[in-house]
There are 2 protein chains.
Amino acid sequence: MVMEKKYTEIERLECSLCGKSYDPFKIQNLCQCGGSLVARYDLEDAKESMDKRNMSKRVLSPWRYHELLPLKDPSNIVTLGEGMTPLLQMKRLGEKLGMKDLMIKDEGMNPTGTFKARGATAGVSKAKELGIESVTVPTNGNAGAAWATYAARAGMESYIIMPKNGPEMARKEITAAGSHAYLVDGRITDANVISEQLHQDYGIFNAATLREPYRLEGKKTMGLEIMEQLNWESPDVIAFPTGGGVGLIGIYKAIQELDEMGWIDEMKTRMVCVQAAGCAPITEAWEKKEKKSMMWDESDTVAFGMNVPKSKGDFMVLDSLYSSGGYATSVDDDEILRTKQIITKEEGLFACPEGSSAVAGIKKLLDQGLIDRNEKVVVVNTGSGLKYPNTVQTSMPLLQPGDEIQIELEESTE
Amino acid sequence: MVMEKKYTEIERLECSLCGKSYDPFKIQNLCQCGGSLVARYDLEDAKESMDKRNMSKRVLSPWRYHELLPLKDPSNIVTLGEGMTPLLQMKRLGEKLGMKDLMIKDEGMNPTGTFKARGATAGVSKAKELGIESVTVPTNGNAGAAWATYAARAGMESYIIMPKNGPEMARKEITAAGSHAYLVDGRITDANVISEQLHQDYGIFNAATLREPYRLEGKKTMGLEIMEQLNWESPDVIAFPTGGGVGLIGIYKAIQELDEMGWIDEMKTRMVCVQAAGCAPITEAWEKKEKKSMMWDESDTVAFGMNVPKSKGDFMVLDSLYSSGGYATSVDDDEILRTKQIITKEEGLFACPEGSSAVAGIKKLLDQGLIDRNEKVVVVNTGSGLKYPNTVQTSMPLLQPGDEIQIELEESTE
C-alpha cells in the first residue's frame, strides 16, 4: 500500500495552557480557556516524506518545509519571496568581540524588511485557505506592515491598529498597501481592544500575536533554515532579540521538531533571549526563575519592536530558555546603538536596533563566562536598518565643484 | 587528459570602443582610447563546466555562475547574501493593466535594498583579489550605499562622493558603513571629477560606473537568474528602468552569453528601456535611431536613480535595444507615482519609483500595440520602496482608547 503524501502533516492545534485539541482545518483563535493554540504535526509521517540530504532540491522558499507548515493546498500560498535569508560569517565582528565563530542570520532581507514577513506568509496563506476575507492586526509597527502587505498580495482587506508613536516607516508601508489603518492614542494593549471590537462587531478575523495560531509556524522557518544552513548540526547558541518572543519560541520549536524527527545528531543549542533594559520583563522573570513575566510599566526603548511590556507567550519563551539551558539578558539603548554602529562599520551589515541588541547581549554573556569564545553562536538580526533611518546621524562635508580632498589633512584633524 | 576546471572562465577585458584587449588579472580602469572595458569569457569551456539542469545544486548566490564572473579565487568573495531575488507572478496587477503574463523580478530584496548590491559584490570582490585597499565612488546615492557597504564588509576604505541633493537614506547607509563621505554642491559629473582627483593624487581606485569593469558583470547576474527562474526559456520582453543603463546592458549580456553557450532554445527577448520623462536622453536617441545620446540639460525626476543626463554606456544600451528588436519609452513623474501606488495596493510589493516607471512604460507600450497582452513580460523592480519613504504620504485617523471603529460609516463617507 502506497502512503499518500500530504502537503501538510499538521494534525491538530493544541492549547498551550490546558492541552485541549482543535481542528486545524477550521478557523480558530484562542482555546476556550484563553490559551494560545500551537500546531502539532505527525512527525513520523513528515520524516517519511522529507529527506534532510535533499532539501536543497526543493523550492527556494520557507514553503520548502511544507510538511511542517499548516497549509493543505499549495495553491493558497501567498508569497513575496520571503525567507531563505543568508546566514553570514562575522569574522571581523567576532574578533572584535573576542569570539571565534559568530554568525548572523540576516532577516532584514525579507519583504517588508523584517522577519515578520515569515509570520505573514504563513498566517495570510492559511487565512486564505480557510476562506477569511478580512483581517485585523494590532501592532507596534513591523508586524502590521507585514500583514498589510501580504493581505494586499492576497487580495484581502486589512485593518491595522497601531499606537500613535509607532514608527513612520511602518505607517508608510501600511498606507501604501491600501490597508484600513488607524492610530490609537495609547499602547498596543489599547490597539488589541480595538481589533477585538472589529472582530466582535464585524466578524473580521483577529490576527493578533498568539491569538492567531500560524504566524508562529511561519517564524519557525527561521530555525529550520538555520539548521539546514548548518547542515543540520545544532549550533551552541542561538540569540534572538525578544519583545513578544514568538521568533524565539518558533526557532526552538523548529529545533525540537527536527530533533524529534531524528535529523539532529546532538541537540545542544542553548537559546538566548535578549531584551532592552527599558523593557525586560522576561529577563526579570528568568533571573527570578519564574514561569511567567510581570507587566513592565513605563516601558521604553529605541528598539520599538522589543517594546512589549507583557507578552502572551512569555511562559513559552521562559520554557524554551529553561529547557535548552539558555539565558536571558538585557542591554540598554546606548549599548544597542553603539553595537549597531560597530556591526555596520565592521561588516557592512545594516542591522536594526533589535538585532544589534542581540549581539550586545551575546557580548555580555561572553564577559560573564556563560558563553565560551570558541562556541558557535548564531545571532538573528530581525530587520533591516533601512526601517530605522532615525538611528543614524549623518554629517558630510560639503564640497564645491572643483574642490580637492586633502586626505592627510583630514586624517590629522580627526 | 582531464581538463582543469577553472573558477572563472574570464579570458580578457575588451574595449567597448576600439576592441583592444587587457589583462583581467591586473588592475584596469578604462582603455587608452577612453572606452569602457567589458569582460569576455571562454564560453566553450564554461559550457563544459556548467550544466543548466543542475544549477540548482549550486550555492544560493549569484556566485553560483562563477565561471561567467571575473573572480579567480572564491576565497575573495565579499558577500552579504545578495541576489537570488524572487521572480513574482503579478496576476492581479497584470489583469489591471490588461496583461496575461506579467512578472516582477524584485531586486528590493538585496542587501542595501537595491540591485546595486550585485555590482558591489562583483566589483569589491575583484578589487580585493587584485589587492586594492581603497576605492572611491561618485554616485547619485544607491550605488554609493552599496559600495560603501561592501567595502566595509571587505575591510576596505571607501570614499563616496555624491551630489548634495542626494537621497537621505543613502547618506545614512554610507555613514553607517564608516565611509569617508562627501557631498558636492553640483551634479554627479562634479562628483566624478573629485573621485578622479582622489585617484590621481592618492592612488585610490576609482570605481565609477563603466570606468570599473566588473560591476557590469555583477548586474549581469540578474539576467542569469531570470533565465534560470524561467527554466532557460527567454521571455518575450524584459523591461528595465534606465539611468546609466548598466543593469539593462548586463541583463542583455547575460542572455547573449547563455545563447552563445547554447542554453537558450529560442532567443526572442526584446529589451525595453524605460526612462523618466524628466531625463530621457536614451529614449530620445532611440526615437531618432541614433547610436549615442545627447546630454539632457536640467534633468529632474522623483526617481533619482534614473537622473543620469548622459550615460557613458548609452551606446551599449541602444545597441541592446536595436539588436534585440526592443524599445525605449519614457513616463512622467505623476504616472510613476500613480503606478507605484497601484503595484503596492494590488500586489503588496513595495516598489521603488524606478521599478514603477518600468511597469508604467510597459503599459504605454501595450497601449501602443508594441507589446501583446499575451506575451510573457518580466519587469525589474530595481529597489525597495523602503529607500524612498518620501514618496508615500500617510494620513491615519487617531482613535482614543476605548473608541470603536464604525465600518459602514467609514465606507459611506469615503
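The values are calculated or read from the model by the stated rules, or taken from the named source; none is laboratory data. Computed from a predicted structure; not experimentally measured. Note: ideal-geometry Cβ built from the backbone for every residue, glycine included; neighbour counts use all protein chains shown.
Looking across region B:339-377, the residues that are over 18 Å from the mean Cα position of the chain (by Cα), more than 14 Å from chain A (Cβ to nearest Cβ) and not charged (D, E, K, R) come down to B:365, B:366, B:368, B:369, B:370, B:371, B:374.
Restricting B:339, B:382, B:344 to those that are among the β-branched types (Val, Ile, Thr) and within 20 Å of residue A:146 (Cβ to Cβ) reduces the list to B:344. Filtering region A:116-140 to residues that are of a type outside the set (D, E, K, R) and part of a loop (DSSP other than H, G, I, E, B) leaves A:130, A:131, A:132, A:139, A:140.
Here is a check on your reading of the model: is residue B:324 over 20 Å from residue B:276 (Cβ atoms), at pLDDT below 95 and away from chain A (no Cβ under 12 Å)? So residue B:324 fails the test. Reported count of residues in region B:123-177, each being within 8 Å of chain A (Cβ to nearest Cβ), out of contact with any Leu (no Cβ under 9 Å at 6 or more places or on another chain) and polar (S, T, N, Q), is 1.
All conditions but one from (1) farther than 28 Å from residue B:72 by Cα; (2) in contact (Cβ under 8 Å) with a residue 12 or more places away in the chain; (3) over 19 Å from the mean Cα position of the chain (by Cα) apply to residue B:140; the one that does not is (3).
Residues of region A:178-187 that are under 19 Å from residue B:394 (Cβ atoms) and either free of Cβ contacts under 8 Å to residues at least 12 places away in the same chain or more than 7 Å from chain B (Cβ to nearest Cβ) (or both): A:179, A:180.
Within region A:335-353, the residues that satisfy the criterion of being touching a residue at least 60 places away in the same chain (Cβ under 8 Å) and surrounded by fewer than 24 Cβ atoms within 10 Å (Cβ to Cβ) are A:342, A:346. When residue B:181 is tested against (1) closer than 25 Å to residue B:390 by Cα; (2) among the hydrophobic types (A, V, I, L, M, F, W, C); (3) within 22 Å of the chain's Cα centre (by Cα), exactly one condition is not met: (3).
For residue A:145, the stated conditions do not hold, so it cannot be described as buried (at least 22 other Cβ atoms within 10 Å of the Cβ), closer than 21 Å to residue B:389 by Cβ, touching a Pro at 6+ places or on another chain (Cβ under 8 Å) and of a type outside the set (S, T, N, Q). Of all the residues in region A:76-97, those that are free of Cβ contacts under 8 Å to residues at least 24 places away in the same chain and within 12 Å of chain B (Cβ to nearest Cβ) number 4.
Looking for something within 14 Å of chain A (Cβ to nearest Cβ), in a loop (DSSP other than H, G, I, E, B) and either within 28 Å of residue A:82 (Cα to Cα) or over 20 Å from the mean Cα position of the chain (by Cα) (or both) - is there at least one such residue anywhere in region B:108-115? Yes; the residues of region B:108-115 include at least one that is within 14 Å of chain A (Cβ to nearest Cβ), in a loop (DSSP other than H, G, I, E, B) and either within 28 Å of residue A:82 (Cα to Cα) or over 20 Å from the mean Cα position of the chain (by Cα) (or both).
Of all the criteria given as (1) of a type outside the set (A, V, I, L, M); (2) in contact (Cβ under 8 Å) with a residue 40 or more places away in the chain; (3) within 14 Å of another protein chain (Cβ to nearest Cβ); (4) touching an Asp or Glu at 6+ places or on another chain (Cβ under 6 Å), the one not satisfied by residue A:236 is (3).
When we screen B:380, B:302, B:331 for residues that are away from chain A (no Cβ under 12 Å), in contact (Cβ under 8 Å) with a residue 12 or more places away in the chain and closer than 22 Å to residue B:219 by Cα, the only hit is B:380.
Filtered by the rule that a residue be within 22 Å of residue A:190 (Cβ to Cβ) and touching a Lys or Arg at 6+ places or on another chain (Cβ under 7 Å), region A:297-326 gives a lone residue, A:314. If I filter region B:43-70 down to residues being of a type in the set (D, E, K, R) and part of a loop (DSSP other than H, G, I, E, B), which single residue comes out as farthest from the chain's Cα centre (by Cα)? That would be B:51.
Here are B:300, B:259, B:332, B:319: which of them is at pLDDT below 95, among the acidic types (Asp, Glu) and surrounded by fewer than 21 Cβ atoms within 10 Å (Cβ to Cβ)? Residue meeting the stated conditions: B:300.
Residues that are closer than 30 Å to residue A:22 by Cα and of a type in the set (Gly, Ala, Ser) within region A:49-77 comprise A:49, A:61, A:75, listed in sequence order. Can you pull out every residue in region A:141-158 that is part of a helix (DSSP H, G or I) and either more than 17 Å from residue A:308 (Cβ to Cβ) or touching an Asp or Glu at 6+ places or on another chain (Cβ under 6 Å) (or both)? Selection gives A:145, A:148, A:149, A:150, A:151, A:152, A:153, A:154.
Part of a helix (DSSP H, G or I), at pLDDT 95 or above and buried (at least 21 other Cβ atoms within 10 Å of the Cβ) - does that describe any residue in region B:71-85? I'd like the intermediate steps shown before the answer.
Taking region B:71-85 as the starting set, the residues that turn out to be part of a helix (DSSP H, G or I) are B:74-76.
Subsequent filtering for residues that are at pLDDT 95 or above retains B:74-76.
Keeping just the survivors that are buried (at least 21 other Cβ atoms within 10 Å of the Cβ) gives none.
Scanning region B:71-85, I find no residue that is part of a helix (DSSP H, G or I), at pLDDT 95 or above and buried (at least 21 other Cβ atoms within 10 Å of the Cβ), so the answer is no.
Just need a number here: residues in region B:210-233 that are in contact (Cβ under 8 Å) with a residue 40 or more places away in the chain and touching a helix residue (DSSP H, G or I) at 6+ places or on another chain (Cβ under 6 Å). Full working, then the answer.
Within region B:210-233, the first condition is being in contact (Cβ under 8 Å) with a residue 40 or more places away in the chain, and the residues that meet it are B:210-222, B:224-226, B:228-230, B:232.
From what is left, the residues that are touching a helix residue (DSSP H, G or I) at 6+ places or on another chain (Cβ under 6 Å) are B:212, B:214-222, B:224, B:228, B:232.
Qualifying residue count for the region: 13.
Limited to region A:54-74, what total is found for residues that are farther than 13 Å from residue A:221 by Cβ and more than 12 Å from chain B (Cβ to nearest Cβ)?
Kept after step one, since they are farther than 13 Å from residue A:221 by Cβ, are these residues of region A:54-74: A:54, A:56-57, A:72-74.
Now narrow it down to the ones that are more than 12 Å from chain B (Cβ to nearest Cβ): A:72-74.
Residues in region A:54-74 being farther than 13 Å from residue A:221 by Cβ and more than 12 Å from chain B (Cβ to nearest Cβ): 3 in total.
Can you tell me which residue is modelled with the lowest pLDDT among those in region A:390-414 that are loosely packed, with under 10 Cβ neighbours inside 10 Å and in contact with a helix residue (DSSP H, G or I) (Cβ under 8 Å, 6 or more places away or on another chain)? Top of the filtered list is A:395.
Among the candidates A:107, A:95, single out the residue that is of a type in the set (Asp, Glu) and surrounded by fewer than 22 Cβ atoms within 10 Å (Cβ to Cβ).
Numbers: A:107 fails: surrounded by fewer than 22 Cβ atoms within 10 Å (Cβ to Cβ).
Only one candidate qualifies: A:95.
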